[in-house]
Amino acid sequence: MKEQNQQTLGEMEHLVLLVVLRLGDQAYGMLISEELSERTGRDIAIGSVYAALDRLERRGYITSRVGDPTPQRGGRAKRYFTAERQGVEALAASQALLLGLWDGVELDPERFG
Amino acid sequence: MTRDDRAPPYLAQLLLAWTTRRRHRPGVLGDMEESFRLRAGRVGVEAARRWYWSQAIRSVVPSIGVRFRRGGGMVRMDISEVRQGTYTTWVEDWTMRGWLRNIKLAGRSLAKKPGFSILAIVTLGLGIGANTAIFSVIFGSLLRPLPYAGVDDLVYLSDGHENFGGAGVDQTLPNLLDLREGSHLLGPSAIFTYGNSNLSAGEEPDRVRVLLTSSEMLSVLGMPPRLGRDFLPEDDVAGAERVAVITDDLWRRRFGADPTIVGRTAIIDAAPVSIVGVAPPDFAFPGEPEVLMTLQHVGQDFSRGTRNYNAIGRLEPGASVEALRQELQAIFDGLVEQYPEENGGGWYTWADPIDTFVLGSNVRSLYLLGGAVVLVLLIACANVANLLLVRAETRQREFAVRFALGARRSGLLPHFLSEGLVLSVLGGVVGVAAAVWGIDLLVALYGGSLARAQQIELNGPVLAFSLLMSLLVGLGIGLVPLLRAQPQRLNDALKDGTRGSSLRSSRLGRSLVISEVALALVIVAGAGLLMKSMARLQDVDLGLADIDQMLTFRLSLPEAKYESGEPVVGFYANLASDLERIPGVEAVGFVNRLPLLGGWNANISVWENPEREASFVSFRPVTSGYFEALGVPLLAGRWLEATDFADGTANTLINETLARRLFAGEDPIGQAITDWVEGGLRVVGIVGDVRGAGPTRPTPPAFYFPFALFGGESAAAAIVRTAGDPAALVPNVRQAVAGLDPQLPVYDIRTMREVAHQGMGTRRFAMSLFGVFAGLALLLSAVGIYGVMSFAVAQRSRELGVRLALGAGRASVLRLVLGDGARLIVPGIVIGVVLALATARLLSSLLFEISAIDPITFLAVSLVLVAVALGATFAPAHRATRLDPLTSIRHE
């Protein structure tokens, strides 16, 4: 099996990981979803959110635990997600990469009329 | 109320639960329920339900992606291609968005190779189009459910006799009544027969097809009238007022959908008939009758010798068709004993599920065509897969780089699948467009020989079939190149600077071409067998001279206006002399039924010696011009003369076959046959044989007597022989008939050539389509061989260059490449012949006087394939001999 080394974060993974960090110990599916939708301005399918969470978890960027069931949820338990060190490092690397790339770039929309 | 209507939509929950990985199921469903409640409070339950559904549906693809553990989500691109400006990219992302992206990228990369893409799309379009057209025929004609209620319980009763091709023969009315009476397994049933009538409700007389039925028909079929009433038992009594139910179509066409139609009177065969009902719009019955009238059989005597009726009935609950058959046969055995004269001599009785009756005899040929057309699609797929393989081949190094950088083979899947799907769906669009036109053409050309032809159309189910087929094709051709992208092989591709070595061994591509050749051979063999049959059929000596110079038509004199005897005979005599005055007309004859179309049969004997019998002897009352119009020769004796015809003398002409059958070794002239008149019918001459029952049936023994002998026939067919084009006579014929009786419709106007082709419809249909498919198959496999050989030559150009440089002659290079081609062709043909021999049996019911494994046909077909395949190999081989050694060695 080949090592999945240094894989770049996909866009969705990037966003989801940031939201998990923002929400701290409140990060469970519904809040992540709502936050994402609010921030991006589009209604993201729950399946895509969980797909990203699944991938992040498999790479060890986040971990999850099961919370208590509540009646509003039809008696189903919440799953809380927590960012791990590797996740934070990946974000940091990606941030550094992007900042490096940004360095010296000036956005001047005027130029395009 | 048990269900919480503030709960999320149940089915959408199910969908979510089913697609989500088990580990996340409680989380996902719980989150969604929570969100749903929040939303329901904010924007209302309805909007929240819609949102839930949209979430569930949009989650399908990403969730399934998770279950297959696809990762990534980044765009990968190949640097070398970027440099060449032809880069292809794809996303390894199993979200819906990812797929759309991949498809867009595949589309873009295909657009960069328009030649390749158009060839692939057109190839698939041909295959899918042909399949769509044939499927629409199969669906409309066979698969679409019959409109009747409880179809599975409906049975069709007929008699059978070996001489008439088994079951499906008409029955006699008294037998049917006895069978119906005696059976416990047969529930309600209706007896019917067909007729043609002259309908005059307005100015123009119209010829309509009539279903004469006992009163139960519509209730047996479960199709009560949409307007008015059904037949009542009293309508079925002899002498009752004539009543009719008309079809929805006739109601609209002839009566402008008049809602007050019920109770109106129409004139049918010059007698008033009251219209009591209109059948429902989806009413359909074989033979497409437009008017239903009662048989009025109750209280009337019918002959047990007249086979002209059939019945449709409903099985009693729990009864099977097989059990019914046995029960009916047991009753029939009793009837044979009771009436040996009429029922003996090999007759049996039979019951079939109603489909057999409605769908007709072409079920088998349609499925055969379906099989053939699938083979064509397979060939098309093999071709496109080959094109994709070649493309993948030229990208080996790109893949190698990707693998070296850690890509997994499965990572290429979205890319290849997207390419396959883009090609196949575009091919499907082309195919459906072609099918629109193809279906019209098929129905126009062969509608007459297809069951339920009016139901054949491009509708929802047919489109769904095409879409499904396109997707399957896309998956199939998309996966093939993946087989060639193997990490272990690609290491070699990286190491090896030259392209040669890995490419000669494209065994997959070569096996695809071999299968193409094999499949093409199967189709071409089928087409060859059918064509040879058709040629044999065309060559059958019908016994008629110059059939392209005869026009035929039919008339039916209403009995209310023309009594049997002088009025009928006189009418036809007058019409004959009027027609003979038309310039160009050489002879005019009338007969009860046209030759080639069967007719009445009798068991007859020699008058002086009743021991000498012949069975199934065809007889025809004819007028004086009959034999001249048909061009039938006199072999012995004399013709029937004017005096014979004038007063209907009991003289007769017999054909050669009857002469042999009854009078072997004796002179028949002067002897008498039948006991129909005192002293029998005196034989005055022997005439040539005519294929009375059609070109595919053996010539029946036959005799002919003067039309006037038994009072004439009110319904007769005319044969007009002309020096010129028979079709040009039609206006004159109409004019001549209208001159005698303007109310009389002329119908079934056809040339004798068309009459001869009747009943060959199914064969012609199968043959023409097989021919078209064979042409397609040959073309596609030629393209396939050409492609593979061109590529092989291009790949070997270095090696061939070296050979040429070392002094190999052009002839030996040509031989080398052709030999390489032969390694594709020969196995293909061998496999194809084996497959074709194994499947040709399926065709045998469509063949005529030829074996399904006819060696000459198979040899010829193989030669055709060899020729086409070698032709396709020759161009690349020739190119190989033109190679410039220096360039080809330096190249790369």
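The values are calculated or read from the model by the stated rules, or taken from the named source; none is laboratory data. Just so it is clear, the structure is predicted and the values come from calculations on it, not from any experiment. Note that each Cβ is placed from the backbone with ideal geometry, even for glycine, and that neighbours are counted across all protein chains shown.
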Exercise. Can you work out which of the residues in the stretch A:34-51 that are among the aliphatic types (A, V, I, L, M) and within 8 Å of another protein chain (Cβ to nearest Cβ) is nearest to A:Leu9 (Cα to Cα)?
Key: A:Ala51
Practice problem: Could you check B:Ala723 against (1) at pLDDT 90 or above; (2) buried (at least 22 other Cβ atoms within 10 Å of the Cβ); (3) of a type in the set (A, V, I, L, M) and say which number it fails? | Solution: (2)
Self-check item: helices (runs of 4 or more DSSP H) contained in the stretch A:29-113 and holding at least 1 residues surrounded by fewer than 22 Cβ atoms within 10 Å (Cβ to Cβ) and among the aliphatic types (A, V, I, L, M)
Solution: A:29-40, A:85-102
Self-check item: Among (1) in the same structural domain as B:Ala723 (by TED's automatic domain parsing); (2) in a helix (DSSP H, G or I) - the single one B:Lys532 does not satisfy
Solution: (1)
Quiz item: For the subset of the stretch B:853-879 comprising residues that are hydroxyl-bearing (Ser, Thr, Tyr) and closer than 16 Å to B:Gly821 by Cα, which member is nearest to the chain's Cα centre (by Cα)?
Solution: B:Ser862
Practice problem: Kindly state which helices (runs of 4 or more DSSP H) lie completely within the stretch B:333-397 and contain at least 2 residues that are in contact with a helix residue (DSSP H, G or I) (Cβ under 6 Å, 6 or more places away or on another chain) and farther than 27 Å from B:Phe135 by Cα. | Solution: B:363-394
Self-check item: Single match in A:Gly67, A:Gly60, A:Gly74 (criterion: more than 7 Å from chain B (Cβ to nearest Cβ) and at positive phi)
Solution: A:Gly60
Quiz item: Which residue, of B:Asp249, B:Asp230, is under 38 Å from the mean Cα position of the chain (by Cα), at pLDDT 90 or above and outside any strand (DSSP E or B)?
Solution: B:Asp230
Exercise. For the stretch B:569-592, indicate whether the set of residues that are closer than 30 Å to B:Glu342 by Cα, in a strand (DSSP E or B) and either at pLDDT 90 or above or over 42 Å from the mean Cα position of the chain (by Cα) (or both) is non-empty.
Key: yes
Quiz item: Counting only residues that are part of a strand (DSSP E or B) and in contact with a Gly (Cβ under 8 Å, 6 or more places away or on another chain), which one in the stretch B:294-323 is surrounded by the fewest Cβ atoms within 10 Å (Cβ to Cβ)?
Solution: B:Leu315
Self-check item: Residue tally, condition outside any loop (DSSP other than H, G, I, E, B) and within 47 Å of the chain's Cα centre (by Cα), over the stretch B:673-683
Solution: 3
Exercise. Search the stretch B:666-692 for residues that are more than 13 Å from B:Phe703 (Cβ to Cβ) and pair each with any residue that is of a type in the set (Ser, Thr, Tyr) when their beta-carbon atoms are under 8 Å apart and the residues are at least 6 apart or on different chains.
Key: B:Asp675/B:Ser605; B:Arg691/B:Thr699
Quiz item: Name the pairs whose Cβ atoms lie under 8 Å apart, with the first residue in the stretch B:595-606 and closer than 24 Å to B:Leu542 by Cα and in contact (Cβ under 8 Å) with a residue 40 or more places away in the chain, the second hydroxyl-bearing (Ser, Thr, Tyr) and surrounded by fewer than 16 Cβ atoms within 10 Å (Cβ to Cβ), and 6 or more positions between them or separate chains?
Solution: B:Asn603/B:Ser615
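Can you tell me which residue among A:Thr70, A:Thr82 is at pLDDT 85 or above and not charged (D, E, K, R)? Give the steps one after another, and end with the answer.
Details: A:Thr70 fails: at pLDDT 85 or above.
On inspection, the qualifying residue turns out to be A:Thr82.
Can you name every residue in the stretch B:735-749 that is among the polar types (S, T, N, Q) and in a loop (DSSP other than H, G, I, E, B)? Full working, then the answer.
Taking the stretch B:735-749 and keeping what is among the polar types (S, T, N, Q), we get B:735, B:743.
If the condition is that a residue be among the polar types (S, T, N, Q) and in a loop (DSSP other than H, G, I, E, B), then B:Gln743 is the only one that fits.
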Practice problem: Mind listing just one residue for me: the one in the stretch B:1-57 that is more than 8 Å from every other protein chain (Cβ to nearest Cβ) and of a type in the set (Asp, Glu) and, of those, farthest from A:Ala77 (Cα to Cα)? | Solution: B:Glu46
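Applying the selection to the stretch A:61-96, what residues are in contact with a Gly (Cβ under 7 Å, 6 or more places away or on another chain) and not aliphatic (A, V, I, L, M)?
A:Tyr61, A:Pro69, A:Arg73, A:Gly74, A:Arg76, A:Lys78, A:Arg79, A:Tyr80, A:Glu84, A:Gln86, listed by residue number.
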Exercise. Among the residues of the stretch B:535-579, write down those that are of a type outside the set (D, E, K, R) and closer than 17 Å to B:Pro726 by Cα.
Key: B:Leu544, B:Ala545, B:Ile547, B:Gln549, B:Met550, B:Leu551, B:Thr552, B:Phe553, B:Ala576, B:Leu579
